[in-house]
Amino acid sequence: MRIFKLASFDKFAQKQDISDESLRGAVEHAEKGLIDADLGDGVIKQRIARQGEGKRGGFRTIIIFRSMERAFFVYGFAKNEQENIRRDERTALKTLAPYLLNLPEEGVNALVEDGAYAEVKYNGETVQK
């Protein structure tokens, strides 16, 4: 399972001190069927706790997700700053999802090489297929 983060999401995660370990944990929960909200067409919402706190007041992340294959963190927000994503944002994400989920490995690797996405690290290293 490869996990990626959109460049703008990566900046958000760094600013909010969200670790790659936390991102992996959110995907692991989704793999177990523990999805906070299924928005349809491969788009899910997962909560991530703030450092030293619970998930309730933490962050919401939007992930384009296909079990056992790949996950793309594409958007994040703090619950106290935004209640949910807008309908037009949801529509745009549902349009993006099949593109990312059906992209051949070479295409995914090109997105990483171009800097559009970064791969979430496992023990400080990226996983290449």
Surrounding charge for residue 43, neighbours by C-beta under 14 angstrom, Lys/Arg +1, Asp/Glu -1, total +3
Trypsin sites (Lys or Arg not before Pro) within region 61-110, DSSP loop, no more than 13 other Cβ atoms inside 10 Å: 86
Within the chain, which complete DSSP H helices have Cα atoms spanning at least 15 Å along the helix axis and a mean Kyte-Doolittle hydropathy of -1.0 or higher? 20-31, 87-102
Using the Kirkwood formula on alpha carbons, the hydrodynamic radius of region 2-119 in angstrom works out to 14.3 Å
Counting only residues 5 or more places away or on other chains, whose amide H sits under 5 Å from the amide H of residue 75 once H atoms are built in the peptide plane? 62
Okay, helix-only estimate at 222 nm for the chain: each DSSP H run of n ≥ 4 adds -39500 (n - 2.57), divide by all residues, round to 500 deg cm²/dmol; what do you get? -11000 deg cm²/dmol
Of the GluC sites (Glu not before Pro) in region 77-111, those whose Cβ has at most 13 other Cβ within 10 Å and which sit in DSSP loop: 81, 83
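Each value in this text was obtained by applying a stated rule to the coordinates, not by laboratory testing. Given the structure is predicted, the values throughout are model-derived calculations rather than measurements. So basically every Cβ, Gly included, is an ideal-geometry build from the backbone, and we count neighbours across all protein chains shown.
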